[in-house]
1. Just how large is the dipole of the protein assembly as shown about the Cα centre, in debye to the nearest 20, putting +1 at every Lys and Arg Cβ and -1 at every Asp and Glu Cβ?
2. For chain B, what are the DSSP H helices with axial Cα length of 18 Å or more and mean Kyte-Doolittle hydropathy of at least -0.5?
3. Suppose R0 equals 35 Å; then what is the FRET efficiency for A:Gln259 and A:Lys386 from their Cβ-Cβ distance, rounded to the nearest 0.05?
4. For chain A, modelled as a Gaussian network with Cα springs under 10 Å, which listed residue fluctuates most, A:Met81, A:Met143, A:Met168?
5. Using unit Cβ charges (K, R positive; D, E negative) and no other charged atoms, how large, in debye to the nearest 20, is the dipole of the stretch B:3-362 about its Cα centre?
6. From the residues B:Phe260, B:Gly290, B:Tyr303, which one has its Cα farthest along the dipole of the stretch B:246-305 in the positive direction, the dipole being from +1 and -1 charges on Cβ of Lys/Arg and Asp/Glu about the Cα centre?
7. Once label points are set 7 Å from the Cα along Cα→Cβ at both B:Ile56 and A:Tyr366, what is their separation, rounded to one decimal in nm?
8. With axes computed from alpha carbons, what is the tilt in degrees of helix A:90-105 against the longest principal axis of chain A, rounded to the nearest 10 within 0 to 90?
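What follows draws every value from the coordinates through simple rules; no lab data is involved. Model, not experiment: these values are computed from the prediction. Glycine gets a Cβ as well: all are built from the backbone with ideal geometry, and neighbour counts include every protein chain shown.
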Amino acid sequence: MTQLHEVTMDEIKHLVSDRALAGETVLLNMGPQHPSTHGVLRLLLELDGETVVNCIPDVGFLHTGIEKNMESKTYQQAEVMTDRLDYLNTVGNNLAYCLAVEKLVELDVPPRAQALRVILAELQRLASHLVWLGTSALDVAAMSVFLYCFREREVILDIFELVSGQRMMTTFIRPGGTWRDVPVEFEDAVRNVLETFPKRIDEYEALLTKNPLFLDRTLGIGKVSAEEALQWGVTGPSLRASGPDWDLRKTRPYSGYEQYDFDVPTHTEGDVYARYLVRVQEMRESLKIIRQALDKLPLGPIRSNDHKFVPPPRSEIGVSMEALIHHFKLWTEGFSAPKGAIYSAVESPRGELGVYLESDGGPKPYRVHWRTPSFNNLEVLPVLSKGVLVADLVAIIGSVDIVLGDVDR
Amino acid sequence: MDSALIWEIVIKSLVLILVLLTGFAYLTYYERRALARIQARIGPNRAGPWGLLQPIADAVKLIFKEELIPAKAYKIVFILAPIITVVPAIVITAVVPWGGTVIVGGREIALSIADVNVGVLYIMSVASIAVYGIVLAGWSSNNKYAMMGGLRSSAQMISYELALGLSFVAVVLLGNSMQMSQIVDAQRGIWFIFLQPVGAVIFMIATLAEVNRAPFDMPEAEQELSSGYSVEYSGMKFALFMMGEYTKMISISAIMATIFLGGYLGPGVDRLPWLGPLYMFIKIFILLFGMIWVRATWPRIRYDRLMAFGWKVLLPLSLAVIFITALGILLEQVWLIPILSLIAGGVAVLMVNLSLRRKAYAR
C-alpha cells in the first residue's frame with residue numbers, strides 16, 4: 001500500500017485566511033477532475049457559504065516537458081512539439097516558433113507564404129475562439145451554443161486537413177515558409193467560411209448577447225481594471241476587455257499584418273461580458289483579415305530559396321549536387337543557428353505568445369522558453385474571483401480562456 | 001367499500017405506475033432526441049430501431065452497476081433519499097383526472113385514482129416532499145459538492161414555492177373548486193390559460209424550479225458542482241434520482257395540462273371518453289417539449305438571483321394576479337382578467353428589463 005500524503009492545515013496556512021484555520025470557512029478542492037476547469041486545472045477554494053474567499057490555482061497536472069524536450073531536438077524537429085503546447089492554437093504556435101527561428105538565422109519569407117500564414121493563423125484564431133465561445137457558454141449552461149460552435153469549427157479543421165493532411169497538429173508553417181503550397185480547393189473552402197461565418201456569429205449573438213439570463217450571469221462579474229490587468233501581465237482579449245488596445249498584430253506587426261485593415265475591438269468594463277464581446281468582435285475582424293489576405297494572395301514561391309535552412313525541392317535533388325548535399329545535411333544534422341538569443345512574439349487567440357530561443361551555435365537550441373498567455377492570464381484568476389459565487393467563478397474561468405497545455409509546458 | 005372497488009383502484013394504480021415508469025424511460029429518450037435535434041446532432045440511434053431500445057439498455061446498465069456507498073456517508077439516509085425523491089413524484093398523479101368515465105364490462109370507471117375534493121392542496125403538499133430527498137441526499141453523502149447542491153435546493157424551494165402556491169389560487173378562484181375534476185369541468189367554455197395567461201406563465205416558471213430543470217437546475221449544476229447532490233450516487237440509486245426528476249416532469253406537466261389546458265377535454269371527448277387520455281398525452285407531450293426546449297437554449301440562473309426573482313418578481317406578480325382574478329369574478333366581468341393580468345405581466349417584464357439595463361449601465 002502506498003502511503004497517502006495527508007495535507008495538513010500547516011502546509012497551506014499561508015494561502016488561506018485565518019478563518020479557514022479556525023474552521024469557519026470551507027476548503028473545497030475544485031479539480032483537477034472537474035467539468036469546468038477546462039482541463040486539469042486544480043483550484044483550492046476557500047468558501048464562505050458559496051462565496052469564494054480565496055481561490056488558489058494549482059497548475060502542473062499537464063506538465064509535458066516540451067520546453068526541455070525541444071533542447072534535444074534540431075530546430076526542424078522541435079517544431080513538431082510546438083503543436084502540442086496550446087492545442088487550440090496549433091498553427092499560431094508554429095508561426096511563433098518559425099518567426100523566432102527565422103529571426104535567429106535571418107531567413108526571408110516569400111510574400112505568398114506570409115499571406116498563407118496570416119490566413120491560416122486567422123482561421124486558427126476563429127477555431128480557437130469558437131471553442132472558447134462554446135465552452136464558456138457551456139459553463140453558464142447554455143449547452144446548444146457549444147455544439148453549434150463545434151459544428152463550425154469542424155469546417156475550419158477540414159480546411160487544415162485539406163492543406164496539411166492533419167486536422168489539429170498541422171506543422172504546416174515551416175521555417176522559411178510553409179510546408180507546401182495550398183491545393184486549388186483551398187480558396188473555395190475559405191470563401192465558403194467567409195460566406196457562412198458572419199451569419200453564424202449573428203446566430204450565436206442572438207442566443208447570448210442580449211439574453212437576459214446570460215447578461216445576468218456575466219455583467220459586472222470578474223472585473224479587473226486596466227492597471228491591474230497590466231500589472232499581472234494579462235494580454236490578449238482579456239486585457240483588451242479592460243481597455244488597453246494592445247494587440248501585437250497592430251503594435252508590432254509580423255508576417256505582413258501591417259498591410260491589412262482591421263480594428264482592434266476594446267471595451268473598458270473588464271468583466272466577463274466585456275471579454276465575451278471582445279472575442280466575438282475579434283471573430284468578425286479575423287474574417288476581415290482573411291478576406292483581404294485571400295483577395296490579394298500573391299503568386300510565387302512558398303519557401304525561401306536559402307537552402308542552407310530550407311530543404312530544396314524534391315525535383316532538384318536528382319539533378320543538382322548542391323541540392324543533394326543540402327538535403328543530406330538538413331536531414332541528418334539539421335541547420336545550425338548563430339550564437340545568440342532572441343525573443344519573438346505573436347498575438348495568439350489568448351494573448352502574447354512569445355518564444356525565447358537561445359543558441360550556442362549548434363543545430364539544437366540551447367534553451368527554449370515559451371511565454372504563454374494562458375499562464376499569465378491564469379495568474380489573475382485569484383484577483384478576479386475574490387468575493388464571487390461559485391457559479392460566477394466557473395463563468396470567470398471560462399472567460400479568461402485558458403488552455404492547460406499552454407499553462408504547463 | 002366493496003372488494004370490486006378496491007380491485008379497481010389497485011388495477012388503476014398499477015396501470016398508472018407502469019405508464020409513468022415507462023413514460024419516464026421514454027422521456028429520457030425523447031429528451032435526448034429532441035436535444036440532439038436542436039443541437040444539430042443525431043442522438044441515440046444504435047439500440048434498436050431509431051434507438052428506441054436505448055432506455056432499456058440504460059436501465060440494464062444501471063441495474064448491474066456497482067452501488068457504492070461512501071465510507072463516511074450516513075447510510076440509512078443515503079439509501080432513503082432517492083426513495084423520498086421518487087415516491088412523491090409518482091404519488092402526486094393520483095388526483096389527476098386522465099379522462100371522464102368509461103364503461104368497462106358494464107362497470108362505470110372514473111379515469112382518475114382519487115378525485116379528492118382538496119386535490120390542489122394534496123398536490124401542493126406532496127410536491128414539496130421531494131425536496132427533502134435532495135437535501136438529505138446532499139447532506140448524507142458527506143461530500144462538499146453534494147452538500148452545496150442540497151443547500152441550493154432548499155434555497156431554491158423557499159423562493160419558488162410561494163409563487164407556485166399562489167398561482168394555484170388563481171385557478172381555484174376561476175374553477176370555484178379545489179377538486180381537479182371540477183377544475184377541468186369549469187374549463188369546458190374556455191381554458192384557464194386564456195383566462196389567466198400570466199398565472200399560467202408563473203406556474204410554468206415555478207414548476208421548472210420545482211422539478212430542478214434548466215434554467216433552475218442549480219442543485220445538480222454539472223458545470224459548477226459536478227452534478228451536485230447526486231455526485232456520490234451510482235447504479236440504481238442514481239437511476240432513482242433520474243426517475244424522480246423525469247417522473248416529476250411528467251406529473252407536473254399533467255397537472256399543468258389539467259389546471260390550465262383543459263385537462264382531458266378536447267373535441268369529441270364526451271362521446272368517446274377514451275379520447276381523454278389521448279388528449280392528455282398530447283398536451284403533456286407539448287409541455288414536456290417546452291421544458292426540453294428551455295434546457296437547450298437558456299443559460300442557468302444563479303441561485304441567489306433565483307431567490308431575488310422569486311421574491312421580488314414572481315411573488316408580487318402572483319399576488320397581483322390573484323387580486324385581478326378575484327376582481328374579475330367579483331365584478332362578473334371575466335374578460336377583464338386576461339387583459340388586466342397581461343398588463344400586470346407586461347409591467348413586470350418591463351421592470352426586470354429596466355433593472356438589467358440599469359445594471360448594464362452602472363457596470
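1. On the way: 70 positive and 77 negative charges, 174 e Å.
That gives a dipole near 840 debye.
2. Numbers: long enough: B:3-38 (50 Å, 1.19); B:75-91 (25 Å, 2.45); B:119-140 (33 Å, 1.73); B:144-175 (46 Å, 1.02); B:197-210 (19 Å, 1.79); B:235-260 (37 Å, 1.10); B:275-297 (33 Å, 1.64); B:315-330 (22 Å, 2.48); B:336-362 (39 Å, 1.34).
Span-like helices in chain B: B:3-38, B:75-91, B:119-140, B:144-175, B:197-210, B:235-260, B:275-297, B:315-330, B:336-362.
3. Working: r = 43 Å, r/R0 = 1.24.
Once the sixth-power term is evaluated, E becomes 0.20.
4. Of A:Met81, A:Met143, A:Met168, the Gaussian network model singles out A:Met143 as fluctuating most.
5. Numbers: 27 positive and 19 negative charges, 204 e Å.
Taking the Cα centre of the stretch B:3-362 as origin, the dipole is about 980 debye.
6. Of B:Phe260, B:Gly290, B:Tyr303, it is B:Tyr303.
7. Calculated label separation equals 7.2 nm.
8. With both axes taken from Cα atoms, the answer is about 50 degrees.
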